[in-house]
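The values are calculated or read from the model by the stated rules, or taken from the named source; none is laboratory data. Since the model is a prediction, treat every value here as computed from it, not as a measurement. So basically every Cβ, Gly included, is an ideal-geometry build from the backbone, and we count neighbours across all protein chains shown.
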Amino acid sequence: MQVTELGCGAVVVGCMFDHRVADAYSFNMFMSAWAETALGQPISSMPSFRRSLLASRPLPSNSLDPLLDRFYTPLSLCPPPNPLISFSALVSRIYYVPAADIARLQDIAGRKHSKVVCFTAYLWQILARSANLGEKSCSMGIVVDGRTRMKNVHGEKFMENCFGNVLSIPFGNLRVESLLDMKLAEVAQEVYEWLSPAATEDHFLGILDWVEAHRPEPAAARIYLGDTDEEDKSVSCVVSSGRGFPEINFGWGNAAFGSYHFPWGGKAGYLMPIPQKTGDWVVYAHVAPSIVLAIEEEPTIFRQLTTEYFLGSV
């Protein structure tokens with residue numbers, strides 16, 4: 001924990017978690033419980049630490065879903081870093097996307113798709129425009145929370161207070177030239193097709209089985225490692241699932257702004273949309289400089305986040 005007092009009288013509160021054991025959903029529960037405790041209020045969402053909720057099933061190893069081997073890999077099977085390939089250091093930016101632009105993306109990409117799917121399709125094409133020489137393909141992933149998917153095994157709301165890391169990162173890979181030639185609606189359909197199989201209860205139960213089958217060896221998401229295309233160098237990025245930051249009040253009023261940062265050290269960048277009450281999205285980006293240039297190239301839906309935005313003057 002770190003609390004920083006600013007000259008203007010404001011306070012910045014920082015809190016660090018190990019993402020291997022806690023995700024943004026868990027972080028939100030902790031911050032809310034901390035603030036409620038500070039105000040002498042009862043904890044509204046008591047975290048559950050029952051590991052039995054995430055127990056694997058007694059299935060033979062040959063019944064594992066082969067799709068999981070595409071998304072995840074034991075670390076022992078990862079190729080050693082190639083010293084001839086240099087990856088640009090990732091940089092951080094914070095933007096906001098107006099609600100009207102999000103709605104416009106849905107109109108173009110198709111209202112049958114969610115806002116996150118349409119946003120991811122838009123970003124996938126930006127990724128293709130940012131590709132450097134030698135980057136022949138683009139991999140795009142989405143973080144999926146399994147709590148709302150795992151309903152049948154434990155009950156409708158049994159998982160909602162589960163404290164831990166209940167995530168999956170499915171991804172798709174397309175050639176740069178294909179992405180540049182496709183319409184946004186076509187890219188959105190591609191996103192939907194690789195995302196849908198991972199947004200199910202069976203997928204998350206399968207992850208538990210997969211982890212148990214490879215225990216105790218550590219594993220990682222392939223897109224995090226950049227291990228997404230065997231033939232060519234690929235540019236990769238991940239979109240968070242759009243977790244809103246909770247209203248936090250330690251006794252001096254609601255926090256004016258909240259965001260997340262995950263310095264994962266992998267080859268893939270990530271963007272984290274944080275929905276606001278206005279319908280806008282604040283988007284935290286941790287990506288390669290070439291992607292920042294493509295994101296900010298006009299016309300763009302991304303606007304620089306400034307203090308004026310929170311003062312209501314933009």
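Of all residues in the range 96-148, exactly one satisfies the criterion of being touching a Lys or Arg at 6+ places or on another chain (Cβ under 6 Å), among the small types (G, A, S) and surrounded by fewer than 20 Cβ atoms within 10 Å (Cβ to Cβ), namely G134.
Taken over the range 11-34, the residue count meeting the criterion of being surrounded by 15 or more Cβ atoms within 10 Å (Cβ to Cβ) and either outside any helix (DSSP H, G or I) or under 16 Å from the mean Cα position of the chain (by Cα) (or both) is 10. Of all residues in the range 35-46, those that are surrounded by fewer than 16 Cβ atoms within 10 Å (Cβ to Cβ) and under 21 Å from E160 (Cα atoms) total 7. Contact annotation: residue pairs with Cβ atoms under 8 Å, 6 or more positions apart or on different chains, pairing a residue in the range 15-31 that is over 15 Å from S259 (Cβ atoms) with a partner that is small (G, A, S) and surrounded by fewer than 16 Cβ atoms within 10 Å (Cβ to Cβ), are M29/S45. Where helices (runs of 4 or more DSSP H) fall wholly inside the range 214-314, the ranges with 2 or more residues that are buried (at least 21 other Cβ atoms within 10 Å of the Cβ) and at pLDDT 80 or above are 222-225, 289-296.
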